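Read-outs: derived from the displayed coordinates by stated rules, not from any lab. As the structure is a prediction and not an experimental result, all values here were calculated from the model. Cβ atoms come from the backbone with ideal geometry, glycine included; neighbour counts cover every protein chain shown.
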Amino acid sequence: MELETLFVIGMFLTFGTLLMTGYPVAWVLGGTAVIWTVVGVVAVENFGANLWFDYPSSMGLVPERIWSIVNSETLVALPMFIFMGIMLDQSGVAERLMNSMVKLFGAVRGGYAVTVIVIGVLLAATTGIIGASVVLLGMLSLPVMMENKYDKGFAVGTACATGTLGILIPPSIMLVLMADRLAVPEASVGDLFMGAFLPGLLLGAMYVGYAMIRPLLQPNIAPVPEGTEKVSWSIVWEVAKAVLPTAALILGVLGSIFAGIATPTEASGVGALGALLLALMSRRLTLKVLNASLQQTTRTAAFIFAIFLGATAFSVVLRGLGGDAVIEEALLGLPFGPYGVILTILFGVFLLGFFLDWVEITLIILPLVAPVVQHLGFDLVWFTILFAMCLQTSFLTPPVGFALFYIKGVAPPEIKVTDIYKGVIPFIIIQLVALVIVFLVPEIATWLPSVAYD
C-alpha cells in the first residue's frame with residue numbers, strides 16, 4: 001500500500017477516534033489537521049517521503065483559506081437565513097396555519113398528519129433551521145393528534161420527518177454551504193436552490209400521499225375526529241389569510257432569486273426583513289424576543305463557521321498528504337461504471353449519516369468527490385441535489401439523528417423512543433425512494449436551472 005493511502009486512512013481514523021471523545025467537532029477537525037501536519041513534515045524531512053507536503057504549502061495556506069471564508073459574499077446569506085427562520089418561529093405564523101388548516105383537513109382521515117406536512121412544507125420554504133421546525137411542529141401537532149387517538153408512531157414520525165424538509169427545500173442553509181464548498185459557476189447557490197425546488201416538493205407530495213393512503217389501509221392509526229366542522233368558504237378564507245403572509249415571504253425570497261432580480265445573498269436580507277415585519281404585524285416583536293433571536297442566530301452561525309474553519313484546515317492537510325488524488329483514484333478504479341461510482345458515493349454518504357452531522361459531511365466529503373463527478377461528465381447540480389437528499393436521511397437515522405432528539409424533547413410522556421424510531425422508518429424509506437426517482441430522472445433537478453438560463 002502506498003504511503004499516501006496509509007496517511008489518508010490514518011487521518012480519517014484519527015478523526016473518527018477523536019470524535020468519539022466528545023470534543024467539539026471543530027476542535028477535532030483542527031486538531032487532526034495539526035497532528036497530521038507534524039506527521040507529514042517528519043515523513044518528508046526525515047524519511048524522504050515523496051509527498052507534496054511541507055508547512056508553507058499545507059498549514060501555511062490555512063490563514064488564506066480562513067480569509068476567503070470570512071470574505072465570502074455567498075456565506076453572508078447564512079446568518080440572514082438563520083435569523084429569518086428563528087424570527088419566523090417567534091412570529092406565530094405556524095400557530096395560525098395550524099389552527100386554520102386543521103379546520104380544512106380535519107374531517108379527512110389522516111387530516112391532522114396532512115396538515116402537519118403542508119405546514120412543514122411552507123415552513124421549509126421560509127427557513128432551513130431543522131431544530132426549530134421539528135420542535136415547533138412537534139409542539140403544535142403531537143398533543144392534538146394524541147388527543148384524537150392517532151397512532152403514536154405515525155404521529156411522531158410525521159412531525160419529525162416533515163421538520164427535516166427545510167434542509168432540502170430552498171432557502172436551505174445546507175445548499176448555501178454546498179455552493180460555497182463547490183465554488184464553481186455551474187453550481188451556484190441560485191442553481192442549487194432551483195435544482196432542489198422540485199425534488200423538495202416531490203418529497204413533500206410523497207409524504208402527503210403516505211399520510212392519506214396509510215390511514216385508508218389501517219383506519220385505526222388515524223381516526224376521523226368527531227364533531228368536525230364542514231368545510232365552508234369562511235374556512236377557506238381563514239386558511240388563505242393565514243397562508244398569505246408566508247406565501248408573500250416565499251415569493252419575496254425565492255421569487256426574487258429565480259427571477260434573477262436578486263442574488264441569494266440579497267434575497268436573504270429581504271427574508272430577514274420580511275420575517276421581522278411578520279413578527280411585528282403579529283405583535284410578537286419585543287426587545288426581549290429580538291435580543292434572544294439575535295443571540296441564537298449568532299450561536300448557530302458561530303457553530304457552523306467554527307466547523308468551517310476546522311474543516312478547512314483538515315481538507316488542506318488531507319490534500320497535502322495526497323488525499324484527493326487517493327480518493328479520486330479509488331473511485332475511478334471501481335469496476336461499476338460511472339453510475340456505479342455515483343451510487344457508491346451516495347451509499348457511503350448514507351452510512352456516514354448514521355454517525356456524522358451533515359455539516360461535517362458537506363465540508364469534508366463533498367469537495368473530495370465533486371471533482372470525480374465532474375471528471376465523469378455528470379451534471380454537478382444533479383449530483384449535489386442527490387447528495388443533499390441523501391444527507392437529509394442523516395437527521396432521522398440513529399444514533400446521531402438530531403431530529404430524533406429534537407422531537408423527543410417536546411413529545412408527550414407517553415411517546416417512547418421506540419415509537420419515534422418506528423415512526424420515522426417509513427419516512428426514511430420514502431426519502432430513499434425519492435432519491436432513486438431523482439437519480440433515474442435527472443430532469444427533476446436540472447430542468448428548472450436550465451429553463452432559468454435559457
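Overview of values
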item: Sum of side-chain charges, residue 24 neighbourhood, beta-carbon under 12 Å (Lys, Arg +1; Asp, Glu -1); result: -2
item: Exposed-loop-free span, longest in the chain, where GluC sites (Glu not before Pro) count as exposed if DSSP calls them loop and at most 16 other C-beta atoms lie within 10 Å; result: 230-413
item: Rh by Kirkwood over Cα pairs, then Stokes-Einstein D for region 339-454 at 0.890 mPa s and 25 °C, µm²/s; result: 158
item: Relative contact order %, region 307-454, counting alpha carbon pairs below 8 Å whose residues are six or more apart; result: 23
item: Axial C-alpha extent at least 30 Å, average Kyte-Doolittle at least 0.5 - helices from the chain (DSSP); result: 25-47, 189-217, 287-320, 417-440
item: Percent of Cα-Cα distances greater than 16 Å, calculated over region 380-427; result: 44
item: Computed helical MRE - 222 nm, the chain, DSSP H runs ≥ 4 contributing -39500 (n - 2.57), nearest 500; result: -24000 deg cm²/dmol
item: FRET efficiency, 1/(1 + (r/R0)^6) with R0 30 Å, evaluated for residue 205 and residue 240 via beta carbons; result: 0.90
item: Charge tally in the Cβ shell below 13 Å around residue 76, where Lys, Arg are +1 and Asp, Glu are -1, residue 76 excluded; result: -3
item: Pairwise Cα inverse-distance average, inverted: Kirkwood Rh of region 170-264 (Å); result: 16.7
item: Relative contact order of region 250-344, defined on C-alpha pairs under 8 angstrom at six or more residues apart (%); result: 11
item: Loop chymotrypsin sites (Phe, Trp or Tyr not before Pro), region 303-408 (other Cβ atoms within 10 Å of the site Cβ: 16 or fewer; DSSP); result: 336, 354, 355
item: In nm, spacing of pseudo-spin labels at residue 73 and residue 328 (7 Å Cα→C-beta vector); result: 2.9
item: Chain lengthening between residue 416 and residue 95 when straightened (0.36 nm per residue, less Cα-Cα); result: 113.0 nm
item: Surface/4 of the Cα convex hull for the chain, nm²; result: 23.1
item: Relative contact order of the chain, defined on C-alpha pairs under 8 angstrom at six or more residues apart (%); result: 27
item: In nm, spacing of pseudo-spin labels at residue 216 and residue 38 (7 Å Cα→C-beta vector); result: 6.5
item: Proximal lysine pairs, the chain, alpha carbons under 25 Å, eight or more residues apart or interchain; result: 14
item: Shape call, region 99-190: gyration tensor on alpha carbons, a/c limit 1.5; result: prolate
